[in-house]
Amino acid sequence: MISIKLTQKYGIPSNLEFIISAVVAALTVGGKAIGKEIANRNSTVIIYEFR
C-alpha cells in the first residue's frame, strides 16, 4: 500500500514498486527486531515501571 501511494504520488515507474516494497518490509522487520532487543535488555525495568 505504501509503495503504491509513493509510485502514484511521485510518478515513480511501477517496476520500482517492488524495490520500494522490499525496503519498507526490511525497515519494518528490522525495526521490530530492534524493538525486541530493547525489550529483552530492559524487561525487568519495563515490568516494574509499569506495574
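The values are calculated or read from the model by the stated rules, or taken from the named source; none is laboratory data. These figures come from a predicted structure and were not determined experimentally. Here the Cβ positions follow ideal geometry from the backbone for every residue, glycine too, while neighbour counts run over all protein chains shown.
Per-residue answers, yes or no, for (1) modelled with pLDDT under 95; (2) surrounded by 10 or more Cβ atoms within 10 Å (Cβ to Cβ); (3) within 13 Å of the chain's Cα centre (by Cα):
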residue: ILE2; (1), (2), (3): yes, yes, yes
residue: GLY11; (1), (2), (3): yes, no, no
residue: GLU17; (1), (2), (3): yes, yes, no
residue: ILE46; (1), (2), (3): yes, yes, no
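Report whether or not THR7 is within 20 Å of the chain's Cα centre (by Cα), at pLDDT below 85 and hydroxyl-bearing (Ser, Thr, Tyr).
Working: within 20 Å of the chain's Cα centre (by Cα): yes; at pLDDT below 85: yes; hydroxyl-bearing (Ser, Thr, Tyr): yes.
Yes, satisfied.
Which of the residues spanning the stretch 29-42 are assigned to a helix (DSSP H, G or I) and either modelled with pLDDT of 95 or more or not β-branched (Val, Ile, Thr) (or both)? Give the steps one after another, and end with the answer.
First pass over the stretch 29-42, keeping only residues assigned to a helix (DSSP H, G or I): 29-41.
Once the filter is applied, which keeps residues that are assigned to a helix (DSSP H, G or I) and either modelled with pLDDT of 95 or more or not β-branched (Val, Ile, Thr) (or both), the stretch 29-42 yields VAL29, GLY30, GLY31, LYS32, ALA33, ILE34, GLY35, LYS36, GLU37, ALA39, ASN40, ARG41.
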